[in-house]
Structure formats: structure tokens, C-alpha cells
Amino acid sequence: MHKIKYLSVIFFSLFILSCKSAGLPLILGSEKQTIDKIHVEYMNIGDTYLSLQQYDKAIEYYNKAMKNKELYWNCYYKIGKVYALKNQWEEASVYFKKLLERDPENSTLKASLAYIMASNNELLEAKEIYEEIILENRENQLYLENYISILFSLEKEHQEKLKKKLNKQNKEDFKLSEDNFKYETTIRQQIVLLKELFPQSENINKFEKEFEALFNKKVIESEVEEPETEDSSTSEN
């Protein structure tokens, strides 16, 4: 499994679903009002456990708070975030996919899901999500940098698989040619785009060095009108 370098989506800065607890409706009957307050307290206790990194206890109390329908989706989001912080990517993806079903245009939720997919080594799925959101958010530097990082990981994975296949065919001296590179064109274009849109990015130099090491050539400056989302020289299955 490849380590995704420079991937910098931070869950603590994600979109926070609006909490309606401050606007609970006044309902006659002290018992109902008490129940509402208890559920709010359950959520607050969950937040405390989250801050203490006691994730299982946080989930326990968020589940209790979810019994109040006014708090349901707020706690649902928080449980998904806890699973991500626990590196339980499969569970986290279930929650964020459901959140996206409710809010399919939310770019931050899309980026969160892309992060989860990449962390779970579902790189192609993460790549597809980033291709969508960077077209919608050209002003977001992190999205573009994360997309480039995933492309690098996909290219390394592709090259390693190809080398293993060739070694099994007793071609140990084989050297990868340009025809074997799958994402070179796309990576180069995205780095150039990053330099044009965000010239102060601290990751430009890192990306250029990684490009040169991976393809044995430097990034060539060229005008890029629109960000390309697929390498035109190859197709993906």
C-alpha cells in the first residue's frame, strides 16, 4: 500500500453540519423538554470524549444523542469523523457516502470522502472524486495538491505492477519506456497548473523533484488552459 504524500485534508476543518440544538422547539411538558436536554448533553459528552481521543466512548454517546431527530445528522457526521480518526476507513466511508447522498453538491464532503478512499488505498475512486471537485473549485490549492499526490501514487503502483509482471517473464533487465508511463502527461499538466494558480505553494518543488525521479525528466513549462482529468495517451479500465 502506497503512502499518500502531502495529502492534507484535515478532518477537524471539515464542513460542520448545522446543529439545531440551540433552536429546539418549545413543547409543553417538562418530561419532553428534559429528554431533549439529555440528548444535547449526550452529544456534549461525546464531544468531550472526542477531544480526549477516547473514540469508542465518543461513538457511544453520539449514538445516544442521535435518538433526538434534531441532532441525528450532526451526530451522524461526528461518528463518521471518529471512524476516520480511528483509521477505520471502511466504516468512515459508509457515513460520508450517506452524507453526500443528502448533500451531493458539498465539495468539502466530497474531499473528505476522497481522503478516506485514498487512505484505504482506493486510489482510483479517490482520483475520480478529486477530478470532479477540482473542476468545481479551481481556487482550492489543497484539492489540486491532493489530486497530484494521488496521481503520483497511482503511477508508482502502475510501474511496480508492470515490473513484477515483466520479471515473471524473465525480463529482469527491462527498463520502463515512456510508452509504459500511464499518468505522466496528467501529472505534468497538473504541476504546471499548480505553478500557474498557486506559485507560492510549498509543494511545487517536492512535486517537481518527485516527477523527475519517477520519469527521469523535468517538468516542462507549457500553457494550460483547462485542467486535464485523464491522460489522453492511455485509457483506464
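Observations, loosely collected:
- For the stretch 51-206, the solvent-accessible area of protein heavy atoms averages 50 Å² per residue (probe radius 1.4 Å; ligands and nucleic acids excluded).
- Trypsin sites (Lys or Arg not before Pro) restricted to DSSP loop in the stretch 46-106 with at most 12 other C-beta within 10 Å: Lys69
- Couplings for the stretch 44-52, taken from phi via the Karplus curve 6.51 cos²θ - 1.76 cosθ + 1.60 with θ = phi - 60°, read 5, 5, x, 4, 5, 4, 4, 5, 8 Hz in order; Gly and Pro are left as x.
- Pairwise FRET efficiency - Lys218 versus Glu136, Cβ, R0 = 41 Å, nearest 0.05: 0.85
- For the stretch 45-172, the C-alpha radius of gyration divided by 2.2 N^0.38 Å, with N the number of residues, is 1.32.
The values are calculated or read from the model by the stated rules, or taken from the named source; none is laboratory data. Worth saying up front: this structure is predicted, and the values here are computed from it rather than measured. Methodologically, a virtual Cβ is constructed for each residue, glycine included, from the backbone with ideal geometry; neighbour enumeration extends over all protein chains shown. Each accessible area value is taken on the protein alone, full model and side chains, heavy atoms only, with ligands, DNA and RNA left out. Shrake-Rupley method; radii C 1.70, N 1.55, O 1.52, S 1.80 Å.
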